[in-house]
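The structure under discussion appears below in the form of structure tokens.
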Amino acid sequence: MPALLRLAVPALAALLLSGCASVFLVDNQVESFPRWQDRAPNAAVPAAPQIYRFERLPSQQDERGARGQDELERYAEASLAKLGWTRAATGVSAPWAVQVHANTVRLPRAPWEDPWDRWGPYGSPFALPGRDYVVTGNGQVIFFPAFPRMESPYYQRAVSLVIRDAASGRVVYETRGAHDGRWNSSPALWTAMLDAALQGFPAPPTGARQVNIEVPR
């Protein structure tokens, strides 16, 4: 192999590996419920562009809730803008009212992980799951200590978005998405979850589905 090629192959491999490591996958479980016909008899699915305003629950309006809601609405605004829906300027009326909600549950570990690491003689993992002993071939029982696992937090997150007809207050669209994983909270993560929840808008597939979004690191 020529010397130049020998140098190029490792460099290309490193480039490919770095490219794979430059994104992370946000896998979302999504379900959507379009009810545009509830706005009026024979109402058509609205085509972009459209204008909307945000609405908030009382819990989203107090000082502590408002800070997080401001941020969440910015992410939702960016996701809706990709679909041709624009937030109305202050004081401007809009035919649609949008309500967005998110929550996070922090677990000390993944639900399937044992909180204890069990090690056999000489530091080898001979234990069966949930056991703190092993039985040798001659029937001898050897006990060994169990040590607390090094915790790695696991997060269960969910977003939901509801659209109402502003005039009647009727809900005409609802969608929600859920994602579990170890990724830390970030604007890119929440935007990916909202993008997934809005996939197929305004006429999404029926039933639950998985939507994967790749996010740059």
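Every number here is computed from the coordinates shown, using simple stated rules; none is lab data. Bear in mind the structure is a predicted one, so any value in this text is a computation, not a measurement. In this analysis, Cβ positions are derived from the backbone assuming ideal geometry, glycine residues included, and neighbour counts consider all displayed protein chains.
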Ranked by Cβ crowding within 10 angstrom, fewest neighbours first, how are Trp112, Trp96 ordered? Trp112, Trp96
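So for Ile163, Ile213, Ile51, fewest C-beta neighbours within 10 Å to most, what's the order? Walk me through the numbers on the way to the answer.
Values: Ile163 27, Ile213 21, Ile51 15.
Fewest to most other Cβ atoms nearby, the residues stand as Ile51, Ile213, Ile163.
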Consider a paramagnetic label point 7 Å from the Cα of Leu107 along Cα→Cβ; state which residues of region 165-201 have an amide N under 16 Å from it. 178-184
Return Phe201, Phe54, Phe33 ranked ascending by Cβ neighbour count within 10 Å, so the fewest neighbours appear first. Phe33, Phe54, Phe201
So between Ala40 and Glu55, what do we pick up on full extension, going 0.36 nm a residue minus the alpha carbon distance? 3.3 nm
Set the Förster radius R0 to 25 Å, insert the Cβ-Cβ distance between Phe33 and Asp62 as r into 1/(1 + (r/R0)^6), and round the FRET efficiency to 0.05. 0.30
Distance between modelled label sites at Arg74 and Thr86, nm, 7 Å Cα→Cβ extension: 2.1 nm
Non-local residues with an amide H under 5 Å from the amide H of Phe54, with H modelled 1.01 Å from N and Pro and chain starts lacking one, are Val98
